[in-house]
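See below for the structure under consideration.
The values are calculated or read from the model by the stated rules, or taken from the named source; none is laboratory data. Note that the structure is a prediction, hence the values are computed from the model and not measured. Note: ideal-geometry Cβ built from the backbone for every residue, glycine included; neighbour counts use all protein chains shown. Note: accessible area is taken over every heavy atom of the protein model, side chains too, but ligands, DNA and RNA are not part of it. Shrake-Rupley method; radii C 1.70, N 1.55, O 1.52, S 1.80 Å.
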Amino acid sequence: MKPTEMDGRVVMVSGANRGIGAAIAGRLAADGHRLSLGARRLDALAAGAPDIDPDRILLNSYDAVDFDSARRWVDATVDRFGRVDVLVNCAGIVDRTGLEAMEEDALDEMWEVNVKGPLRLTRLALPHLRRSGSGRVVNLASMSAKRVKGDALPGYSMTKYALLALSHAVRQVGWDDGVRVTALCPGPVATDMMDPDDETITQPEDVADLVATVIELPNTASVSELLITCRLEAWA
């Protein structure tokens, strides 16, 4: 399948109210795709949504820890657009507590949002992605899914390693039906999790450009992992 045949696809983006998710939504809107955007705060989502034809965008309240919320969002997307072609899992949280000081509640919340949230959405969207014949899943992992630096972000790294495993599992399950999965693994990105004014690190728009590229690749050119760095890394 040629990239031009993918124009105007229906794309679901979680965590689309800020940072990388918002940048991805803006780039894909500019590329002519139809967007179904999800975030916990609908008011924040509406404030930052791309300014495009209302017929090409759907805003949804989505809570990554709530299965019914995920189901309602997928159903609403299909009701509105008749299909789902691409799922971009961007919603995520981080706790920076060291290994010995980490609280169970913080780890449980990261596991719910960073792993089970994408798992729920993917399972619900998978039948529609299969019917597309060229379905795409993009999971925002992290360089923390490839390496652990000392006592920095141990719980976060655990969840991102798990998200990487989920990416490969879905790739295996959906391959014969044209579903291709990419795990994006960026290092530091200029968002509110880091320093949004630091021009020396990767910008959200850089990540958005890469998402736009991988979802337009044909089925014969799948990228399973994409490591994105602004600093010298042993793994990239």
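So here's what we get for this one:
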| quantity | calculated |
| --- | --- |
| Estimated dipole of the chain in Debye, rounded to 20 [Cβ of Lys and Arg +1, of Asp and Glu -1, Cα centre] | 940 |
| Gain upon complete extension [residue 61, residue 148; 0.36 nm per residue less C-alpha separation] | 28.0 nm |
| Acute angle (nearest 10 degrees) that the helix 204-216 long axis makes with the longest principal axis of the chain, alpha-carbon atoms | 50 |
| Reachable aspartates and glutamates from residue 160, criterion Cα separation under 15 angstrom, eight or more residues apart if same chain | 95, 108, 109, 112, 225 |
| Rounded if a/c under 1.5, otherwise prolate or oblate - region 30-112, Cα gyration tensor axes | prolate |
| Virtual paramagnetic centre 7 Å along Cα→Cβ of residue 173, amide N under 12 Å, in region 89-119 | 118-119 |
| Relative contact order [Cα under 8 Å, 6+ residues apart], region 92-236, whole percent | 25 |
| Per-peptide average of other Cβ atoms within 10 Å, ordering 77-85, 8-16, 220-228 highest first | 8-16, 77-85, 220-228 |
| Percent RCO, i.e. relative contact order, over region 1-144, from Cα pairs under 8 Å lying at least 6 residues apart | 24 |
| For the chain, built as a Gaussian network whose Cα springs stay under 10 Å, the top-fluctuating residue of 27, 147, 180 | 147 |
| Average accessible surface area per residue within region 22-160, 1.4 Å rolling probe, Å² | 45 |
| Region 109-157 shape via C-alpha gyration tensor axes, a/c threshold 1.5 | oblate |
| Between helix 117-132 and the chain: long-axis angle, C-alpha atoms, 0 to 90°, nearest 10 | 30 |
| Shape of region 144-236, Cα gyration tensor, a/c cut at 1.5 | oblate |
| Gained length - residue 232 relative to residue 198, 0.36 nm times residue gap less alpha-carbon distance | 10.5 nm |
| Residue 200 accessible area, assembled protein chains, probe 1.4 Å, Å² | 100 |
